[in-house]
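Novice: Take a look at the following structure, please.
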Amino acid sequence: MARMNMIQAIRDALDIKLADDDNVVVFGEDVGYFGGVFRATQGLQEKYGKSRVFDAPISELGIIGAAVGMGAYGLRPVPEIQFADYILPAYDQIASEAARLRYRSSGEFSSPITVRAPCGGGIYGGQTHSQSPEALFTHVAGLKTVIPSNPYDAKGLLIASIEDDDPVIFLEPKRLYNGPFDGRHDGPATPWSEHDSGEVPEGHYTVPLGKATITRQGEAVTVLTYGTMVHVVAAAVQETGIDAEVIDLRTLVPLDEEAIETSVKKTGRCVIVHEATKTSGFGGELIAVVQELCFHYLEAPIERITGWDTPYPHAQEWDYFPHPDRVVKALQKVMEP
Amino acid sequence: MTETKPLSLQVPEPSSRPGDKPDFSYIDLSAAGTTRRPEVDCAANSMRDLAFELVKVLDKNGDAVGPWAMDLDDAMLLKGLRAMEKTRAFDERMQMAQRQGKTSIYVQCRGEEAIACGQRLALKKGDMCFPTYRQQGLLIAQDFPIVDMICQIYSNAKDKLGGRSLPFFYSEREHGFFSISGNLGTQFMQAVGWAMASAIKGDTRIASGWIGDGASAEGDFHAALVFASVYKPPVVLNVVNNQWAISSFQGIAGGQAANFACRGHGFNIPSLRVDGNDFMAVYAASSWAIERARRNLGPTLIEWVTYRAAAHSTSDDPTKYRPKDELEAWPMGDPIERLKNHMIHKGIWDEERHTALKQELKDEVRAAAKEAESYGTLGKGPVPGIGEMFEHVYKEMPPHLLKQRKQAGV
């Protein structure tokens, strides 16, 4: 076991896959010599050479288009998009190409690519370095979408994603890179080195895609969340003293419907929390799933806490970012008799 | 003080519209044999003139002339002629089949047969083409079983792609034919990626990317040139300039401001402008670019100047936007006629044998179409079942799709 922050855990996963599979290549803007703006690929070019880890032109379309071509050849590319906000120029290559190549060729060609991209707010990144675009990918058949919330999961999920034969959108909540926090930006944040989930086994292991995890067992209400909000929810739950069951979904597609169904049928109440904008956000999908599977078990309307339907603001970041107090209110409301 | 006049937007117009006299005076034509042939390892900036000349081998008399005239043996010439005629016979049959309701849509490559057939014959087994939907010649030139192509077009019980893809969106990995996408241009960047992978792995196989004049306006084209110039992977970048993108003439893609070959100059990529209706020129220019790629000298951009002799697709009526008699005025002739004349001129072919060849190919295509029809057509069935719709979305079907498949009645 080693103590790692999320960046170190991600780097470790890349290191392990570069070492054990010659077909793994890592590239993107600034990822080569420099090691990435968040340092996720630091030292990897030196270790594996320039033909395995290299800088790419500032062309997200080109980066993903190249990855699709490499995947068709038989490589297992792990391209990095510097910020998830920048991924849109590559959307055609992801949604129309990577996602459909297997389908349209009957499996003759596929895109075993893992697109890594830092997402989410909390670092004063403004409109262009803070967004959570997961719903743009969960809506596309053929893609898998993964969002870890801690170093242990990040490493295991990233290794599983790279080893997966389908295209995976791997969104890394950048606010969690160095340590979790409870959503109170003005309070002290525990570094990963002092947090339970900062314990990361050495060597190869996987966290399976499509499997949620229960981060807190409880009987009163089910909270469905992922990414940074896992920690915001934990703070809110603690504050209310409500016996909530918190589910960290980890993978949005394929979604662990079984875990959701089991928990909501047990608690009869549900709160959904994500950072992305509300309308057509993944929370809407979760509400639909819960009512399809658990309608007759529900004892209260489902509550949903999300980012507001505005672009991500700069100065008002902490008014946009779902605050633990909003989650507290939702928990209390859903518990009303 | 200078008076400032109101600004005005310039929207390019083609040289002629329906009712006008066709006018191809805008096309720069070099005489056959006059364009120099540089060494394959020459510096890109020493051959910039080649983007403005025209590589052309067959002259009006049917002679193969100049430095690009390769000494192709009779068997190769016949192979080329046969491939082009077979492609045309195939197109004619499928055009008719669409009109008879056997499929939903078809796209001919009439007039452009030399480009795909010529390049495929210059490539090696294992090389990977990333075609558009107008390069069926890439398969036909390597004697790919046309009955399989027709089964795909008919979306019948033997359609390898299970009815999931549009007609003629073939995928034939073993034949170096990448799965076709309808999102134009995407494959151009992917070809560069495939070639990068080949270089990363120390392979000897090369890639060939294809795009049309119209789709060269897509970002994928420009990204492909950036990546190709940066990493110098083994790739041949083909721009088929057939003058028309549905109803938009090549000027709407910027072809009036500058030709497509010289787009490579900004990236210092060796660039050729070639007579795409001249099989001998296609074979020679392709071989030149392929050798460069194979010798790790990097990418080559080739503009193939040609003319889309048929409609864009069975859903299109070109008389609505271009003169009816434009084809007759096209200055570069018909690729099949030109190679045929060369072979006759050379004394290895005659009209009688050609008529027999055409009949043989027509019969072969008809027989293949009949066989394919016995496995079904889109119009009359049987088509692949509903279950196929859920296959190959993911390698393994996830729970939500299993559930939906059940809901769909499978």
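Novice: Tell me yes or no: at least one residue of the stretch B:110-121 is farther than 22 Å from B:Trp330 by Cβ, out of contact with any Asp or Glu (no Cβ under 8 Å at 6 or more places or on another chain), touching a residue at least 24 places away in the same chain (Cβ under 8 Å) and not charged (D, E, K, R).
Specialist: Looking for residues that are farther than 22 Å from B:Trp330 by Cβ, out of contact with any Asp or Glu (no Cβ under 8 Å at 6 or more places or on another chain), touching a residue at least 24 places away in the same chain (Cβ under 8 Å) and not charged (D, E, K, R), one finds at least one in the stretch B:110-121, hence yes.
Novice: Please verify whether A:Asp153 is out of contact with any Phe, Trp or Tyr (no Cβ under 7 Å at 6 or more places or on another chain), of a type in the set (D, E, K, R) and crowded, with 19+ Cβ neighbours inside 10 Å, treating the condition exactly as stated. Explain how you work it out, then say what you get.
Specialist: Working: out of contact with any Phe, Trp or Tyr (no Cβ under 7 Å at 6 or more places or on another chain): yes; of a type in the set (D, E, K, R): yes; crowded, with 19+ Cβ neighbours inside 10 Å: yes.
Yes; evaluated as a whole, the condition is true for this residue.
Novice: While we're looking at this one, here's another question. If I filter the stretch A:155-163 for residues that are assigned to a helix (DSSP H, G or I), within 14 Å of chain B (Cβ to nearest Cβ) and over 16 Å from the mean Cα position of the chain (by Cα), do I get at least one hit? Walk me through it before giving the result.
Specialist: The first filter runs over the stretch A:155-163 and keeps only residues assigned to a helix (DSSP H, G or I), leaving A:155-163.
Restricting the remaining residues to those that are within 14 Å of chain B (Cβ to nearest Cβ) gives A:160-161, A:163.
From what is left, the residues that are over 16 Å from the mean Cα position of the chain (by Cα) are A:163.
Yes.
Novice: Between B:Gly209, B:Gly214, which is touching a helix residue (DSSP H, G or I) at 6+ places or on another chain (Cβ under 6 Å), without any contact (Cβ under 8 Å) to a residue 40 or more places away in the chain and not charged (D, E, K, R)?
Specialist: None of the other options fit; the residue is B:Gly214.
Novice: Being out of contact with any Cys (no Cβ under 9 Å at 6 or more places or on another chain) and modelled with pLDDT of 95 or more, is that true of even one residue in the stretch A:184-200?
Specialist: First, the residues of the stretch A:184-200 that are out of contact with any Cys (no Cβ under 9 Å at 6 or more places or on another chain): A:184-200.
Remaining after also requiring modelled with pLDDT of 95 or more: A:200.
Yes; the residues of the stretch A:184-200 include at least one that is out of contact with any Cys (no Cβ under 9 Å at 6 or more places or on another chain) and modelled with pLDDT of 95 or more.
Novice: Condition first: of a type in the set (A, V, I, L, M, F, W, C), under 10 Å from the mean Cα position of the chain (by Cα) and farther than 22 Å from A:Val25 by Cβ. Now tell me which residues in the stretch A:132-154 satisfy that. Give the steps one after another, and end with the answer.
Specialist: Going through the stretch A:132-154, the residues of a type in the set (A, V, I, L, M, F, W, C) turn out to be A:135-137, A:140-141, A:143, A:146-147, A:154.
If we keep only those that are under 10 Å from the mean Cα position of the chain (by Cα) too, we end up with A:146-147, A:154.
Residue satisfying the conditions is A:Ile147 alone.
Novice: Within the stretch B:132-142, is there a residue that is assigned to a loop (DSSP other than H, G, I, E, B), under 20 Å from the mean Cα position of the chain (by Cα), more than 14 Å from every other protein chain (Cβ to nearest Cβ) and free of Cβ contacts under 8 Å to residues at least 40 places away in the same chain?
Specialist: Checked the stretch B:132-142: at least one residue is assigned to a loop (DSSP other than H, G, I, E, B), under 20 Å from the mean Cα position of the chain (by Cα), more than 14 Å from every other protein chain (Cβ to nearest Cβ) and free of Cβ contacts under 8 Å to residues at least 40 places away in the same chain.
Novice: From the list B:Gln136, B:Gln119, B:Gln142, pick out the single residue that is surrounded by fewer than 23 Cβ atoms within 10 Å (Cβ to Cβ), within 24 Å of B:Ala75 (Cβ to Cβ) and among the polar types (S, T, N, Q). So that I can check it myself, show each step before the final result.
Specialist: On the way: B:Gln136 fails: surrounded by fewer than 23 Cβ atoms within 10 Å (Cβ to Cβ); B:Gln119 fails: surrounded by fewer than 23 Cβ atoms within 10 Å (Cβ to Cβ).
So the residue among B:Gln136, B:Gln119, B:Gln142 that is surrounded by fewer than 23 Cβ atoms within 10 Å (Cβ to Cβ), within 24 Å of B:Ala75 (Cβ to Cβ) and among the polar types (S, T, N, Q) is B:Gln142.
Novice: Does B:Lys124 count as basic (Lys, Arg), surrounded by fewer than 24 Cβ atoms within 10 Å (Cβ to Cβ) and within 13 Å of chain A (Cβ to nearest Cβ)? Walk me through it before giving the result.
Specialist: On the way: basic (Lys, Arg): yes; surrounded by fewer than 24 Cβ atoms within 10 Å (Cβ to Cβ): yes; within 13 Å of chain A (Cβ to nearest Cβ): no.
Against the criterion (basic (Lys, Arg), surrounded by fewer than 24 Cβ atoms within 10 Å (Cβ to Cβ) and within 13 Å of chain A (Cβ to nearest Cβ)), B:Lys124 does not qualify.
Novice: It is to be established whether one or more residues within the stretch A:36-43 are surrounded by fewer than 24 Cβ atoms within 10 Å (Cβ to Cβ), away from chain B (no Cβ under 11 Å) and aromatic (Phe, Trp, Tyr).
Specialist: Checked the stretch A:36-43: at least one residue is surrounded by fewer than 24 Cβ atoms within 10 Å (Cβ to Cβ), away from chain B (no Cβ under 11 Å) and aromatic (Phe, Trp, Tyr).
Novice: Separate question: From the residues in the stretch B:357-408 that are of a type in the set (Val, Ile, Thr) and surrounded by 13 or more Cβ atoms within 10 Å (Cβ to Cβ), which one is nearest to the chain's Cα centre (by Cα)? Walk me through how you get there before you give the answer.
Specialist: If we filter the stretch B:357-408 for residues that are of a type in the set (Val, Ile, Thr), which is where we start, we get B:365, B:377, B:383, B:386, B:393.
So of that shortlist, the ones also surrounded by 13 or more Cβ atoms within 10 Å (Cβ to Cβ) come out as B:365, B:377, B:383, B:393.
Details: B:Val365: 21, B:Thr377: 26, B:Val383: 29, B:Val393: 28 Å.
Going through the qualifying residues, I end up with B:Val365.
Novice: Inspect all residues belonging to the stretch B:319-337 and state whether any of them is farther than 24 Å from B:Arg134 by Cα and more than 23 Å from the chain's Cα centre (by Cα). Steps first, answer last, please.
Specialist: Looking only at the stretch B:319-337, we keep the residues that are farther than 24 Å from B:Arg134 by Cα, and these are none.
No, because not a single residue in the stretch B:319-337 is farther than 24 Å from B:Arg134 by Cα and more than 23 Å from the chain's Cα centre (by Cα).
Novice: For the stretch A:57-72, give me each residue that is surrounded by fewer than 24 Cβ atoms within 10 Å (Cβ to Cβ) and either in contact with a strand residue (DSSP E or B) (Cβ under 9 Å, 6 or more places away or on another chain) or of a type in the set (D, E, K, R) (or both).
Specialist: none
Novice: Regarding B:Arg366, is this residue within 27 Å of A:Pro208 (Cα to Cα) and not in a loop (DSSP other than H, G, I, E, B)?
Specialist: Numbers: within 27 Å of A:Pro208 (Cα to Cα): no; not in a loop (DSSP other than H, G, I, E, B): yes.
It is false that B:Arg366 is within 27 Å of A:Pro208 (Cα to Cα) and not in a loop (DSSP other than H, G, I, E, B).
Novice: Next question. Please find, among B:Ser248, B:Ser229, B:Ser315, B:Ser287, the residue that is of a type in the set (Gly, Ala, Ser), surrounded by fewer than 24 Cβ atoms within 10 Å (Cβ to Cβ) and closer than 28 Å to B:Asp73 by Cβ. Give the steps one after another, and end with the answer.
Specialist: Numbers: B:Ser248 fails: closer than 28 Å to B:Asp73 by Cβ; B:Ser229 fails: closer than 28 Å to B:Asp73 by Cβ; B:Ser315 fails: closer than 28 Å to B:Asp73 by Cβ.
The match here is B:Ser287.
Novice: Given the options A:Ala235, A:Ala189, name the one that is surrounded by 14 or more Cβ atoms within 10 Å (Cβ to Cβ), without any contact (Cβ under 8 Å) to a residue 12 or more places away in the chain and touching a Pro at 6+ places or on another chain (Cβ under 8 Å).
Specialist: Values: A:Ala235 fails: without any contact (Cβ under 8 Å) to a residue 12 or more places away in the chain.
Selected residue: A:Ala189, the only one of A:Ala235, A:Ala189 that is surrounded by 14 or more Cβ atoms within 10 Å (Cβ to Cβ), without any contact (Cβ under 8 Å) to a residue 12 or more places away in the chain and touching a Pro at 6+ places or on another chain (Cβ under 8 Å).
Novice: Which condition breaks for A:Met229 when tested against (1) more than 19 Å from A:Ile10 (Cα to Cα); (2) touching a helix residue (DSSP H, G or I) at 6+ places or on another chain (Cβ under 7 Å); (3) of a type outside the set (S, T, N, Q)?
Specialist: (2)
Novice: Among the residues that make up the stretch B:192-205, is at least one of them of a type in the set (Lys, Arg), over 30 Å from A:Lys50 (Cβ atoms), more than 8 Å from chain A (Cβ to nearest Cβ) and in a loop (DSSP other than H, G, I, E, B)? I'd like the intermediate steps shown before the answer.
Specialist: Taking the stretch B:192-205 first, the residues of a type in the set (Lys, Arg) are B:201, B:205.
The next check asks that each one be over 30 Å from A:Lys50 (Cβ atoms); those that pass are none.
No, because not a single residue in the stretch B:192-205 is of a type in the set (Lys, Arg), over 30 Å from A:Lys50 (Cβ atoms), more than 8 Å from chain A (Cβ to nearest Cβ) and in a loop (DSSP other than H, G, I, E, B).
Novice: Right, here's the next one. Where residues in the stretch A:164-190 are among the acidic types (Asp, Glu) and assigned to a loop (DSSP other than H, G, I, E, B), which of them is farthest from the chain's Cα centre (by Cα)? Don't jump to the end; show me each part of the working.
Specialist: If we filter the stretch A:164-190 for residues that are among the acidic types (Asp, Glu), which is where we start, we get A:164-166, A:172, A:182, A:186.
With assigned to a loop (DSSP other than H, G, I, E, B) added as a condition, the list becomes A:164-166, A:182, A:186.
Values: A:Asp164: 16, A:Asp165: 19, A:Asp166: 17, A:Asp182: 17, A:Asp186: 24 Å.
Restricting to residues being among the acidic types (Asp, Glu) and assigned to a loop (DSSP other than H, G, I, E, B), the top hit is A:Asp186.
Novice: Looking for something closer than 19 Å to A:Pro148 by Cβ and not aliphatic (A, V, I, L, M) - is there at least one such residue anywhere in the stretch A:291-298? I'd like the intermediate steps shown before the answer.
Specialist: Start the filter on the stretch A:291-298 by keeping residues that are closer than 19 Å to A:Pro148 by Cβ, which leaves none.
Within the stretch A:291-298, not a single residue is closer than 19 Å to A:Pro148 by Cβ and not aliphatic (A, V, I, L, M).
Novice: In addition: When residues of the stretch A:74-92 are filtered for being buried (at least 24 other Cβ atoms within 10 Å of the Cβ) and over 26 Å from A:Gly126 (Cα atoms), how many remain?
Specialist: Of the residues in the stretch A:74-92, 3 are buried (at least 24 other Cβ atoms within 10 Å of the Cβ) and over 26 Å from A:Gly126 (Cα atoms).
Novice: If you don't mind, there's one more thing I want to ask. Counting only residues that are within 14 Å of chain B (Cβ to nearest Cβ), give me the strands (runs of 3 or more DSSP E) lying completely in the stretch A:234-331 with at least 3 of them. Don't jump to the end; show me each part of the working.
Specialist: Values: elements: A:244-248, A:251-253, A:270-277, A:303-307.
Qualifying strands (runs of 3 or more DSSP E): A:251-253.
Novice: Taking the options B:Arg263, B:Arg273, name whichever one is touching a helix residue (DSSP H, G or I) at 6+ places or on another chain (Cβ under 8 Å), in a strand (DSSP E or B) and under 24 Å from B:Gly219 (Cβ atoms). Don't jump to the end; show me each part of the working.
Specialist: On the way: B:Arg263 fails: in a strand (DSSP E or B).
From the options B:Arg263, B:Arg273, the qualifying one is B:Arg273.
Novice: Also, quick follow-up: Just give me the residues in the stretch B:210-221 being facing chain A (nearest Cβ under 9 Å) and surrounded by 22 or more Cβ atoms within 10 Å (Cβ to Cβ), in sequence order.
Specialist: Across the stretch B:210-221, the qualifying residue is only B:Asp220.
Novice: Quick check: is even one residue across the stretch A:128-137 more than 30 Å from A:Pro324 (Cα to Cα) and either assigned to a helix (DSSP H, G or I) or within 14 Å of chain B (Cβ to nearest Cβ) (or both)?
Specialist: Residues of the stretch A:128-137 more than 30 Å from A:Pro324 (Cα to Cα): none.
No, the conditions are met nowhere in the stretch A:128-137.
Novice: Please go through (1) more than 22 Å from A:Leu61 (Cβ to Cβ); (2) touching a Ser or Thr at 6+ places or on another chain (Cβ under 9 Å); (3) surrounded by fewer than 24 Cβ atoms within 10 Å (Cβ to Cβ) for B:His175 and return the number of the only condition it doesn't satisfy.
Specialist: (2)
Novice: Another question about this same structure. Residues in the stretch B:186-195: is at least one closer than 20 Å to B:Lys102 by Cβ and within 14 Å of the chain's Cα centre (by Cα)?
Specialist: No, the stretch B:186-195 contains no residue that is closer than 20 Å to B:Lys102 by Cβ and within 14 Å of the chain's Cα centre (by Cα).
Novice: Looking at (1) more than 11 Å from every other protein chain (Cβ to nearest Cβ); (2) under 13 Å from B:Thr300 (Cα atoms); (3) surrounded by 24 or more Cβ atoms within 10 Å (Cβ to Cβ); (4) of a type in the set (Val, Ile, Thr), find the lone condition where B:Ile153 falls short.
Specialist: (2)
The values are calculated or read from the model by the stated rules, or taken from the named source; none is laboratory data. Since the structure is predicted, the reported quantities are computational estimates derived from the model, not experimental observations. Please note: Cβ atoms are built from the backbone with ideal geometry, for glycine as well, and neighbour counts cover all protein chains shown.
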